[in-house]
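Working notes, beginning with the structure itself.
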Amino acid sequence: MNPADITQLVEALQMIAGILQQLGVPGLVSLMLAGPAAVLITVLILDHLRSRRQGELLETYRSDVADMVKEMREDSACKLESYRADMQTVLRELGDHQQETAQYYRDNVELVKAYERIATGLQDVVVNNTRTMERVLSLIENNMMCPAVREAARGKK
């Protein structure tokens, strides 16, 4: 330490000694008792500042979470609406295909009925043709005008 620093230190100590002398013994006792209170007040002030800062952080966190939830809800609502629209399209297409299938079966029923009518008509034609052929066969077999039939009837071949 150089002499200038020592001089400044001595002057500072003289100033502190002058203040302590002006306070006197009651002032020094008050200062000593006020020390723990000052520490307690300092701790309370620091705790208050910490809790206020923590409250601000908590409010910021709540705000951020609320924004994220709002964004997620909007996104979910958008996706749900898209899903609903897609499902409506699928259901409409399914309904159309179902109607086409029902019409296909109705057309098949009409086709079967038409085939039944044709089959009934053909049955009559087949029966009539069979009867006619039997009659023709009978006439041919019993035709005595034909020499081959006459010879067959007499037993000659």
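Since every read-out is calculated from the coordinates, none of them should be taken as a lab result. Remember, predicted model here, so these are calculated numbers, not experimental data. Note: ideal-geometry Cβ built from the backbone for every residue, glycine included; neighbour counts use all protein chains shown.
Brief remarks follow.
- For the range 72-124 and the range 1-66, distance of Cα centres in Å: 87 Å
- Spin-label model distance (nm) - Leu40 vs Val90, 7 Å beyond Cα toward Cβ: 7.2 nm
- Each eigenvalue of the Cα gyration tensor of the range 22-66, multiplied by 5 and square-rooted, gives one semi-axis; in descending order these are 42, 6, 4 Å.
- The sum of -39500 (n - 2.57) across all DSSP H runs of n ≥ 4, divided by the residue count of the chain, sets its helix-only mean residue ellipticity at 222 nm to -35500 deg cm²/dmol.
- Taking the C-alpha atoms only, the angle from helix 3-141 to the longest principal axis of the chain is near 0 degrees.
- Note on Lys70/Arg50: beta-carbon distance plugged into 1/(1 + (r/R0)^6) with R0 of 22 Å gives a FRET efficiency of 0.15.
- Rg in Å to one decimal, and Dmax rounded to a whole Å, for the chain via C-alpha atoms: 61.2, 181
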